[in-house]
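*Asks:* Here's a structure for you.
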Amino acid sequence: MSEEAVMAKKGPFGVVVKKGQTYWWCACGLSKSQPFCDGSHKGTSFEPIKYVAEDNVMVAFCGCKQSRMKPYCDDSHIAIVVEEEEVDESKKPRLF
């Protein structure tokens, strides 16, 4: 049975990268330093993906971890259905 990555964000992380710098994209979704790896994948089958910046640009890194073009966002998050958290209406602030 294969593990599924945790969705860190339902959308991309826009990051300005520096030419020549190496970045390690989090593939598991567990990192507290999204979209980059902090070692939280230890003990899982996931490994971070190496990215070397070719220029000083903004990169849209995948946040949902479902992209077919990892580490880049390919809009796969659009097809993900997220269950809305049930809200107790009696605890919502009144506007009047």
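Throughout, read-outs are computed from the coordinates displayed, never taken from laboratory work. As the structure is a prediction and not an experimental result, all values here were calculated from the model. For neighbour counting, all protein chains shown are included, and Cβ atoms are generated from backbone atoms with ideal geometry for every residue, glycine included.
*Asks:* How long are the three semi-axes of the equivalent ellipsoid for the stretch 1-87, computed from the Cα gyration tensor as the root of 5 times each eigenvalue, in whole Å, largest first?
*Replies:* For the stretch 1-87, the ellipsoid semi-axes come out as 23, 16, 11 Å.
*Asks:* In whole Hz, with x marking every Gly and Pro, tabulate ³J(HN,Hα) for the stretch 4-20 from phi via Karplus 6.51 cos²θ - 1.76 cosθ + 1.60, θ = phi - 60°.
*Replies:* After applying 6.51 cos²θ - 1.76 cosθ + 1.60, I find 10, 5, 7, 6, 7, 7, 8, x, x, 9, x, 10, 7, 9, 9, 3, x Hz.
*Asks:* Next question, about the same structure. Would you please give the residues with an amide H less than 5 Å from that of Y23, counting only those at least 5 places away or on a separate chain, with H modeled from the backbone geometry?
*Replies:* Y51, V52, A53
*Asks:* Can you figure out the FRET efficiency of V81 with M58, using R₀ = 35 Å and their beta-carbon distance, to the nearest 0.05?
*Replies:* According to the calculation, E is roughly 0.80.
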